[in-house]
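The values are calculated or read from the model by the stated rules, or taken from the named source; none is laboratory data. Nothing here was measured: the structure is a model prediction, and the numbers come from that model. Don't worry about glycine lacking a Cβ; one is built from the backbone with ideal geometry, like all the others, and counts go over all protein chains shown.
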């Protein structure tokens, strides 16, 4: 017997003609996540197996819990046999040091050369356990121990516990998106949820020095580093927004400041997406949370671009978003008190029902096309990778 990690795909199994693409991408993502581990990875359409003769499987399982596309992670015992008599002997050996009063056996049999059904095999193994471990009894409803047996073509697998994976689709199977990443709570959660659906994200951050601080920028880098655990790596596009934001503040009626600012951010993000072969924008807008996130505001802001905008947390309330932020580890960084572009120059009474024709008229007051071109041409790109020991938290 030898230990092996068995991976169940979950939602991937709903794919048909393109399932091989999803499994191949999952294997690539796992290989990248375990880049410094001495492992062998094999797979078929039903399962993936990770073996190592030297590594600590506990650490490997912990890393696999950061990989989307995995339904369950199982530490199993691999038996180099499909002979039921041999399996019974191995099973008894595996449970001898376990204390339990009740148990059940669950069998899955993909090897159709065995004449018995899965239920019959479970009964056979269960009877053998009862015969040799008289202190226990079968309980199919609430057992203290569940013995899982999978019989495949040339080998069998026995396991007792399962670790939940993140689910979703392997990162990259659904293309690329640009995440509008601020330093707040919402946008990192939106990014995480997009990654879960197989979207490989790059991020864009708008800074406005000296009105925003280096600490605010480093905070966003730290958030991107956390997301990189799930995304494998992240390219962060940093846009100097100072000239545009000051022009808006000096020339635009103040109740329209936020609306015009967001329209400029959308235009820039759409160009960055086009230049980097991204299919969508992703942001953390939640309906009604602030003035720029009323339905009327969203419509007026969104109309300046053609690329689709995905808002994963649009229908979440703030407490629901905070719960996810805490779960994925971004919350404590997000609440650090450093202002970003969206929180400076905020008017006392921002318009909540902006009119599109007024937005267009006000934008004529500033040479925004030239400023957008300049901001994109001179923007900074930071590559944040999850495969080297870079710790950005010390920047905060």
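May I ask you to list the residues in the stretch 205-215 that are surrounded by fewer than 24 Cβ atoms within 10 Å (Cβ to Cβ) and outside any loop (DSSP other than H, G, I, E, B)?
207, 214, 215
Within the stretch 140-154, count every residue that is in contact with a strand residue (DSSP E or B) (Cβ under 6 Å, 6 or more places away or on another chain) and in a loop (DSSP other than H, G, I, E, B).
3
May I ask you to list the residues in the stretch 5-59 that are surrounded by 14 or more Cβ atoms within 10 Å (Cβ to Cβ), out of contact with any helix residue (DSSP H, G or I) (no Cβ under 9 Å at 6 or more places or on another chain) and under 19 Å from residue 78 (Cβ atoms)?
6, 8, 27, 47, 49, 51, 55, 57
If a residue must be surrounded by 15 or more Cβ atoms within 10 Å (Cβ to Cβ), assigned to a strand (DSSP E or B) and out of contact with any strand residue (DSSP E or B) (no Cβ under 6 Å at 6 or more places or on another chain), how many such residues does the stretch 155-166 contain?
Of the residues in that region, 1 qualify.
State yes or no: is residue 218 surrounded by fewer than 24 Cβ atoms within 10 Å (Cβ to Cβ), in the same structural domain as residue 329 (by TED's automatic domain parsing), in contact (Cβ under 8 Å) with a residue 40 or more places away in the chain and on the phi > 0 side of the Ramachandran plot?
Taking the combined requirement at face value, the residue does not satisfy it.
How many residues are part of a loop (DSSP other than H, G, I, E, B) and more than 17 Å from residue 89 (Cβ to Cβ) when one looks only at the stretch 117-139?
Qualifying residue count for the region: 5.
Just give me the residues in the stretch 318-328 being closer than 18 Å to residue 283 by Cα and surrounded by fewer than 17 Cβ atoms within 10 Å (Cβ to Cβ), in sequence order.
If the condition is that a residue be closer than 18 Å to residue 283 by Cα and surrounded by fewer than 17 Cβ atoms within 10 Å (Cβ to Cβ), then 318, 319, 320, 323 are the ones that fit.
Conditions: (1) loosely packed, with under 15 Cβ neighbours inside 10 Å; (2) at pLDDT 95 or above; (3) within 15 Å of residue 148 (Cα to Cα). Residue 86 meets all but one. Number of the miss?
The number of the failed condition is (3).
Being touching a strand residue (DSSP E or B) at 6+ places or on another chain (Cβ under 7 Å), in a helix (DSSP H, G or I) and crowded, with 22+ Cβ neighbours inside 10 Å is true for just one of 236, 227. Which residue is that?
227
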